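Values quoted throughout were computed directly from the atomic coordinates according to the rules given, and no laboratory measurement underlies them. Worth saying up front: this structure is predicted, and the values here are computed from it rather than measured. Methodologically, a virtual Cβ is constructed for each residue, glycine included, from the backbone with ideal geometry; neighbour enumeration extends over all protein chains shown.
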Amino acid sequence: MGFPLTISTTRRTARSSVVIGIGCSLLLSACSTQPLPTEIPQQALGLPAQFNASGTDTPATRWWQSFGDSELDQLVQLALASNPDLQATYWRLQQADAAAAQARSGFWPRLTGGLENTEQRRGASNDFDFSGAENEGNSWSGRLAAGYEVDLWGRVRSGARAAEAGRLAQEDSFQVTALTLAAEVTNVWLQLQEAWGQQQLLDEQLEINQKTLKVLELRFGGGVSAAADVFQQRQLVEQSQQELAQSRADIQVLQVQLAALLGVNRDQLPAFVDALDGLPPLPALPATGVPSELLLRRPDVRQAQRALLQGHYLADQAWADRLPALTLGLLFSGGGRALSDIAEDWLLNFSAALDGVIFDGGNLAAAERQQEAVEQERWAAFRNAVMQALSEVEQALINEQAIRERLSFLETRAQLADQITLRQRRAYGQGSVDFLNVLSATDNQQSLERQLLTAHRELLENRVTLYRALSGGLPEQDLPQPPALELEVYRVENQ
């Protein structure tokens, strides 16, 4: 799919048509921006009419609460409040907000003032004559100057709108970071739950294997079992112990990862992180809605829209930079021996200046072409964000169906493995099969038990991906507003 962004020589008309064409749902009221369309045209971007599957439940804003785990909810809230990466994104948002305020200041006149006092004293021993009264005493002078650029070509307006679009894009970036953090915390928590479940399974399997080994050793002592049978069972016990040790290490690694997401040390994790609750049940499939509505609410798509709009206005500003600028000036100045003389003996000047570049070696023209290229790049990035958003939802829906089918097969295989292992043990006790059959059946049975647990976790993780793909952002009250006091303490300690 290719939709080039056509740039005409009549920039004002061309750029307006571009904004309408992309359908950016923005209203930059802070800098007098006109309302823009609130829909993304499905035909223009080739959007499907619906997704290939959909549930009936409305996705919750705090989607992680759908798993019904209060401890998970507490962990996500802790991460949102104290994660350093999310806090850094917050301060980037404050920078963008300040930049937008700076750009809006161009709508107002600039007023400067100055007050000067000069002292003069006579020289006593040189060839110059300082005997006049004017050569000693004080003199005062003051001035007030006002300057204002008449925005003939929309340069100031375009710059303000570009800065506001950048601020809104950074606002959406803040939401994207928060959503990513919530998903990472949820996934690590699910992996921890699985790791604890795996450890419990391995403990039970190790106990069974050790009991089997003792029976074989007794049978070997009685001359019933062969030495190879004992060695094979010992190997299975060693394998269980190895896997159990790896499971413990996995839990420690996951705890370190969770602590980093929460912005704390591992020792500062809540006590319930060491508890075993088990994986939660899978919630009902949420309603996926209409693709175009999804794109309007996803913060990453909105961010791409606003970045494109920022590029649009920056290109307008680069075009206006090539045209003459009309500046109005007003200067009030006065002075005398006393401070009060400034108001009595004063001069008022008014000026109007038209200033433009006649020749700059193509610098401004090159800057305009550069901004046009930036706009083209952001148009491609916007289309990519749209396609990625749709792809994430579709992939999550397809993967859920595939994992459900895999779980069904695994459950059937696990039931069959239980029966096979039971019958192989009976047959071995009767001497009709070799112990290798029992060993193979046992190993397969235990492996399927662990695969079932992993598949259940993968199904839940895939649901996290779907929730995140459908999310329109988190509530504002969940997002951090970190104080600057920590930095002040750092400054004091390092002086």
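Using the charge dipole of the chain (Lys, Arg: +1 at Cβ; Asp, Glu: -1 at Cβ; taken about the Cα centre), state which of 259, 146, 295 has its Cα farthest towards the positive end.
295
Note down the nm distance, to one decimal, between modelled labels 7 Å out along Cα→Cβ at residue 108 and at residue 405.
Placing both labels 7 Å along Cα→Cβ, they lie 6.5 nm apart.
Cut-off is 10 Å between beta-carbons; in what order do 465, 327, 58, 288 appear when sorted fewest neighbours first?
Ascending Cβ contact count within 10 Å gives the list 58, 327, 465, 288.
Put a dot 7 Å past each Cα toward the Cβ at residue 266 and residue 353; how far apart are the dots in nm?
6.6
Using Cβ counts within 10 Å as a stand-in for footprinting exposure, how do 412, 454, 186, 177 rank, fewest first?
412, 454, 177, 186
Would you mind getting me the FRET efficiency between residue 252 and residue 432? Use the beta-carbon distance for r and R0 = 41 Å, nearest 0.05.
Approximately 0.35, to the nearest 0.05.
Between residue 447 and residue 274, take the C-beta separation as r, use R0 = 25 Å, and let me know the FRET efficiency to the nearest 0.05.
After rounding to 0.05, the efficiency reads 0.40.
With only Lys, Arg, Asp and Glu charged, each at its Cβ (+1 for the first two, -1 for the last two), find how big the charge dipole of the range 288-429 is about the Cα centre; round to the nearest 20 debye.
It comes to approximately 1480 debye.
To the nearest 0.05, how large is the calculated FRET efficiency for residue 340 and residue 150 if R₀ is 30 Å and r is the Cβ-Cβ distance?
Once rounded, the FRET efficiency stands at 0.25.
Between the range 50-96 and the range 391-412, how far is it from one alpha carbon centroid to the other, in angstrom?
24
How big is the dipole moment of the chain about its Cα centre under a simple scheme where the beta carbon of each Lys and Arg is +1, that of each Asp and Glu is -1, and everything else is neutral? Debye, nearest 20, please.
My answer is approximately 1260 debye.
Between residue 73 and residue 364, what is the label-point separation in nm under the 7 Å Cα-to-beta-carbon projection?
Rounded to a tenth, the inter-label distance reads 6.0 nm.
Express in whole angstrom the spacing between the alpha-carbon centres of the range 193-243 and the range 422-479.
20
Per residue of the range 331-342, in order, report the coupling 6.51 cos²θ - 1.76 cosθ + 1.60 (Karplus, θ = phi - 60°) as ³J(HN,Hα) in whole Hz, putting x for Gly and Pro.
Listing the rounded values in order: 10, 10, 9, x, x, x, 6, 10, 4, 6, 5, 4 Hz.
Assigning unit charges at the beta carbon (Lys, Arg +1; Asp, Glu -1) and nothing else, what dipole magnitude in debye, to the nearest 20, does the range 337-411 show about its Cα centre?
Using Cβ point charges on Lys, Arg, Asp and Glu, the range 337-411 gives about 300 debye.
Please give the calculated 222 nm ellipticity per residue for the chain, where each DSSP H segment of at least 4 residues contributes -39500 (n - 2.57) and the sum is spread over every residue; nearest 500 deg cm²/dmol?
Taking each H run of at least 4 residues, the total per residue is -21500 deg cm²/dmol.
With point charges of +1 on the Cβ of Lys and Arg and -1 on the Cβ of Asp and Glu, referenced to the Cα centre of the range 356-495, which listed residue (432, 367, 466) lies farthest in the positive direction of the dipole?
Among 432, 367, 466, the one farthest towards the positive end of the dipole of the range 356-495 is 432.
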